[in-house]
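Engineer: The following block contains the structure, expressed as structure tokens.
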Amino acid sequence: MTVTAAAVQPNLATVGLTKSFGGVTAVDGATVTFQHGKVNALIGPNGSGKTTFFNCVTGMIKPDAGTATYRGRDITGKASHRVARTGIGRSFQLCRVFPRMTVMENMLVAVRSTSLRRQLASARDPQELDRARGLLARVGIDHLEHSEARDLSYGQQKLLELAGVLMADPETIMLDEPAGGVNPALIDRIANLVRDLNAEGKTFIVVEHNMDLVMSLSDHVVVFDRGRQICEGPPSVVQNDPRVLEAYLGI
């Protein structure tokens with residue numbers, strides 16, 4: 001069955017989203033729509049505003065202007081925990097784990113809203129433990145359950161961060177450079193996880209510099225340059241667009 005453009009549902013959308021730092025405009029009136037149920041990619045040269053865009057959308061920082069909506073619901077300027085409750089989970093460009101906590105403790109922290117001290121002191125819910133172990137097994141690091149996060153390789157920490165995101169069972173997962181600093185075997189594992197989770201109904205929005213990964217993994221690609229969208233479409237169209245070649249290669 002052929003899916004028409006009209007049949008594709010919007011997932012995350014922004015209109016005129018803008019964020020400046022001093023005299024530098026990092027996101028400049030970005031008007032973007034990502035597709036629901038798809039693997040979307042957000043690409044662009046270094047400094048094109050991709051991570052700042054993620055931060056504005058997920059409540060890490062407030063935009064100066066414009067709007068962001070998720071499944072038609074206004075999330076503009078909402079605090080990060082409120083954005084998360086709408087069904088959005090995210091990872092970070094620089095992997096965020098608690099280094100002196102065990103792998104399991106990192107997993108449990110991901111779904112508890114009380115203070116860190118209370119989280120560690122409270123009785124562990126058997127259902128939470130079972131779910132955490134299942135997700136750790138899925139990403140391939142269940143054997144490290146009792147290890148401190150600081151003892152994991154960087155790639156394993158990336159897998160732990162992804163498993164922690166999955167603990168909250170978000171509908172949409174935003175990944176900021178999941179392949180950054182990761183060896184080829186782990187890149188393949190992450191790619192397969194994304195494909196499998198997408199087949200199960202998860203929507204992805206992925207910032208990534210590994211173009212081979214982007215082009216093989218994505219259904220829909222949005223290209224940023226200097227803080228705004230310059231092109232969007234399927235990988236086969238985007239990679240041959242002259243505006244994209246100019247942004248990346250200056251030709």
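Readers should treat all values here as calculations from the given coordinates under stated rules, not as data from a laboratory. Here the structure is a predicted model, which is why all the values come from computation and not from measurement. With ideal geometry, Cβ positions are generated from the backbone for all residues, glycine too; neighbour counts draw on all protein chains shown.
Engineer: What distance in nm lies between label points placed 7 Å from Cα along the C-beta direction at residue 215 and residue 248?
Structural biologist: Result: 0.7 nm between the two label points.
Engineer: Let me ask something else about it. Pairs of alpha-carbon atoms within less than 8 angstrom and 6+ residues apart define the contacts here; what relative contact order does the chain have, in percent?
Structural biologist: Details: 462 pairs, mean separation 66.2, N = 251.
It comes to 26 percent, rounded to a whole number.
Engineer: Turning to a different aspect of this structure: Working out 0.36 nm times the residue gap between residue 125 and residue 96, then minus their Cα-Cα distance, what length gain in nm do you get to one decimal?
Structural biologist: 8.1 nm
Engineer: Now for a separate question. For residue 101, enumerate residues with amide H under 5 Å from its amide H, sequence gap 5+ or separate chain, H modeled in the peptide plane.
Structural biologist: Those qualifying (amide H under 5 Å, at least 5 residues apart or on another chain) are 149, 150.
Engineer: Here is a follow-up. To the nearest 10 degrees, how steep is helix 126-139 against the longest Cα principal axis of the chain, on a 0 to 90 scale?
Structural biologist: 50 degrees
Engineer: Place the peptides 86-93, 206-213 in order of packing, highest mean first, counting for every residue the other Cβ atoms within 10 Å and averaging per peptide.
Structural biologist: For the peptides 86-93, 206-213, the packing ranking is 86-93, 206-213.
Engineer: Quick one: length gained pulling residue 81 to residue 62 fully straight, 0.36 nm per residue minus the C-alpha distance?
Structural biologist: 5.5 nm is the gain from fully extending residue 81 to residue 62.
Engineer: Still on this model: Only four residue types carry charge here, +1 at the Cβ of Lys and Arg and -1 at the Cβ of Asp and Glu. Report the dipole size of region 191-251 about the Cα centre in Debye, rounded to the nearest 20. List each step's numbers first, then the result.
Structural biologist: Values: 5 positive and 9 negative charges, 32 e Å.
Around 160 debye, computed over region 191-251.
Engineer: Provide, for q = 0.13 Å⁻¹, the log10 of I(q)/I(0) from a solvent-free Debye sum over equal Cα point scatterers in the chain.
Structural biologist: -0.83
Engineer: Suppose every K and R has +1 on its Cβ and every D and E has -1 on its Cβ; what is the size of the dipole of the chain about the Cα centre, in Debye to the nearest 20?
Structural biologist: 800 debye
Engineer: Sticking with this structure for a sec: Using θ = phi - 60° and the Karplus form 6.51 cos²θ - 1.76 cosθ + 1.60, what ³J(HN,Hα) does each residue of region 159-167 get, whole Hz, x for Gly and Pro?
Structural biologist: Karplus values, whole Hz, x for Gly and Pro: 5, 4, 4, 5, 4, x, 4, 5, 4.
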